[in-house]
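Trainee: First, the structure itself, so that you have it in front of you.
The values are calculated or read from the model by the stated rules, or taken from the named source; none is laboratory data. All figures in this text were calculated on a predicted structure; none of them were measured in a lab. With ideal geometry, Cβ positions are generated from the backbone for all residues, glycine too; neighbour counts draw on all protein chains shown. Each accessible area value is taken on the protein alone, full model and side chains, heavy atoms only, with ligands, DNA and RNA left out. Shrake-Rupley method; radii C 1.70, N 1.55, O 1.52, S 1.80 Å.
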Amino acid sequence: MQQRTPPWRKLAASLATVFVTGAAWAQDAGVLNIYNWADYIAPDTIRNFEKETGIKVRYDMFDSNEALHAKLVAGNSGYDIVVPGSHFAKQQIAAGLLQKLDKSKLPNLKNLDPAIQAQLAKMDPGNDHLVDWLWGYTTVGINVDKVKTALGGPLPDNAWDLLFKPENIAKLKKCGVAFLDSASEVLPIALHYLGKDPYSTQQADYDAAAKLLKSIRPSVTRFVGSGSDYIDQMARGQICAVLGWSGDIMIAANRAKESKTGQTIQALVPKSGGLLFFDVMAIPKDAKNVANAHKWIDYIMRPEVHAGLSNTVFYANPNKASLAHVKPEIAKNPAIFPSEQVLATMLPPGVPDQATRRIITRTFTNFKANPTAPVFAPNGTFTVSATGGASATGGASATGGASAAGGASAAGGASAAGGASATG
Ligand code: N2P
């Protein structure tokens, strides 16, 4: 039987509502906590928002989708806006970690390109949770002169051959080769390179990818993420080839030009396709400053604000109306806004099931940890096996000669985990 609520209770309840709402507002009015990738914003984006709204922005950066995902799963991240790749966001929506957007607070949605919205709807039906921040693709970046010299001939027709043909990448090792520390990108790319389904669920396919990765592992000298200094290292000529993100590579190219380092850096668009990503703004379920988060998303979708992001970091934005504000050399750069034809060659992001994710993680962890062990001779010198793999950083020479105790690390800080150690 239903009980009637006494009038005093009703009053108390409505007072409590007023109080709680008021408190939420007070907090909401003041701050906005954002968690985004490094090197992904214009110098005035935050400043202008703060000036106009009086809202103070705290802006933190993460280095991988995996790191952000772990924070969201743990809960109470403290963030009001996060920017996962759409393939990770799909899992986060399914797990109830992101909240629905209030579209009545986002009038600038009208500026977005329906084609990009349709892409995102594959991960977020109805575009209910996600708004694209920027998009780009994972690809091959090179230092043009160093790579040509190291190869001693022309570039291969398909840019992926530079990194996945052992005989090519072995020649690049001495000028520095970096791979993204990102299982969710490297595995689909490796499978696709082998002519297999990039989102295969078959262990046998991952075994084949593992074999491919093992064959090139001795020549990978660094693993990098967003915010590690691979952009600067490229700009300074300390890394000559990278499996990295399109815009980051173009930032390196631009930095090299501006600081006159004498290095020519180029983002290649592989013939068989790069791996597309869409990084999306979303509001965590437990965000405290939801009204401010909506203000931010709507602000970013202003044509000139979205254009400012592309103009600074060389990634495409989803904002059709922004194109008039994007610098012509950027709007017309096919490596930034690829043509329909090129887009059709690219791999879309995908979401493997949980069992496959475990296989992917395991395969990638083995890849990173698996520079073939050096063979130590009784006199303390070591040699490298014919397949090549002495040290993670590869500083060790094939003739060996370093001491067993100090060999690989003396040659440049190799770590079994394949961490971000520097090489010469
Ligand atoms: C950071 C770029 C991140 C792109 N500068 C990959 N999601």
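Trainee: Report, in debye and to the nearest 20, how large the dipole of the range 191-239 comes out about its Cα centre when Lys and Arg carry +1 and Asp and Glu carry -1 on their Cβ.
Mentor: Dipole size: approximately 200 debye.
Trainee: Right, next: Between Ala94 and Met61, 0.36 nm times their residue separation minus their Cα-Cα distance comes to what? Intermediate results must be reported in sequence, preceding the final value.
Mentor: Details: separation 33, 0.36 × 33 = 11.88 nm, distance 2.39 nm.
Gain in length upon complete extension: 9.5 nm.
Trainee: Using only Cα atoms, figure out Rg for the range 233-346 and give it as a multiple of 2.2 N^0.38 Å. Intermediate results must be reported in sequence, preceding the final value.
Mentor: Details: Rg = 16.4 Å, N = 114, 2.2 N^0.38 = 13.3 Å.
Taking the Cα Rg and dividing by 2.2 N^0.38 Å, one obtains 1.23.
Trainee: Would any residue of the range 195-232 have its amide N under 18 Å from a label point 7 Å out along Cα→Cβ of Asn254? List them or say none.
Mentor: Correct set: 226-232.
Trainee: Let me ask another. Which trypsin sites (Lys or Arg not before Pro) does the range 274-345 hold that lie in a coil by DSSP with at most 10 other beta carbons within 10 Å? Kindly include the intermediate steps, with their values, before the conclusion.
Mentor: Working: sites: Lys285, Lys288, Lys295, Lys320, Lys332; in loops: Lys285, Lys288, Lys332.
Within the range 274-345, the qualifying trypsin sites (Lys or Arg not before Pro) (loop, at most 10 other Cβ atoms within 10 Å) are Lys332.
Trainee: Also, I was wondering about something else. Taking the Cα centre of the range 254-362 as origin, work out the dipole magnitude from +1 charges on Lys and Arg Cβ and -1 charges on Asp and Glu Cβ, in debye rounded to 20. Walk me through the numbers before you get to the answer.
Mentor: Working: 14 positive and 8 negative charges, 55 e Å.
It comes to approximately 260 debye.
Trainee: Right, another one. Taking every eigenvalue of the Cα gyration tensor of the range 81-177, multiplying by 5 and rooting it, what semi-axes result, largest first, whole Å? Numbers along the way, then the final one.
Mentor: Values: eigenvalues 350, 43, 25 Å².
In descending order, the three semi-axes are 42, 15, 11 Å.
Trainee: If you rank Cys240, Cys175 by how much accessible surface each has, with a 1.4 Å probe, what is the order from largest down?
Mentor: Numbers: Cys240 0, Cys175 25 Å².
Largest accessible area first, the residues go Cys175, Cys240.
Trainee: Provide the net charge surrounding Tyr315, with neighbours chosen by a C-beta distance below 13 Å and charges set as Lys +1, Arg +1, Asp -1, Glu -1.
Mentor: Values: positive: none; negative: Asp39, Asp132, Asp248, Asp279.
Result for the neighbourhood of Tyr315: -4.
Trainee: Right, another one. Starting with the highest mean, order 115-128, 87-100, 249-262, 42-55 by the number of other Cβ atoms within 10 Å, averaged over the residues of each peptide. Walk me through the intermediate numbers first.
Mentor: Values: 115-128: 16.0, 87-100: 19.3, 249-262: 17.5, 42-55: 14.2.
So the peptides 115-128, 87-100, 249-262, 42-55, ranked by packing, come out 87-100, 249-262, 115-128, 42-55.
Trainee: Hey, another quick one. Roughly how many Å is it from the Cα centre of the range 301-362 to that of the range 147-170, as a whole number?
Mentor: That distance is 26 Å.
Trainee: Under the 0.36 nm per residue contour assumption, what length would be gained going from the current alpha-carbon distance of Asp229 and Ala74 to full extension? All intermediate terms of the calculation are to be shown ahead of the outcome.
Mentor: Numbers: separation 155, 0.36 × 155 = 55.80 nm, distance 2.78 nm.
Length gained between Asp229 and Ala74: 53.0 nm.
Trainee: If I take every Cα pair under 8 Å that is 6 or more residues apart in the range 143-210, average their sequence separation and divide by the length, what percent do I get for the relative contact order?
Mentor: Working: 37 pairs, mean separation 13.1, N = 68.
That works out to 19 percent.
Trainee: Probe radius 1.4 Å, ligands and nucleic acids left out: which of Leu343, Leu130 has the largest accessible area, and how do the rest follow? Each step should come with its number before you reach the end.
Mentor: On the way: Leu343 50, Leu130 0 Å².
Per-residue accessible area, sorted high to low, gives Leu343, Leu130.
Trainee: How far, in nm, would the chain grow between Arg357 and Lys122 when pulled straight, counting 0.36 nm per residue and subtracting the alpha carbon separation? Before the final figure, lay out each step's value.
Mentor: Values: separation 235, 0.36 × 235 = 84.60 nm, distance 1.93 nm.
Separation in residues times 0.36 nm, less the Cα-Cα distance, equals 82.7 nm.
Trainee: With a 1.4 Å probe and all protein chains kept in place, how do Asp229, Asp145, Asp113 rank by accessible area, largest first? It would help to have the intermediate numbers written out before the result.
Mentor: On the way: Asp229 65, Asp145 85, Asp113 35 Å².
Order by accessible area, largest first: Asp145, Asp229, Asp113.
Trainee: Sticking with this one: Tell me which of Ser310, Val342, Pro352 sits at the most positive position along the dipole axis of the range 239-377, charges placed on C-beta atoms (Lys, Arg +1; Asp, Glu -1).
Mentor: In the range 239-377, that residue is Pro352.
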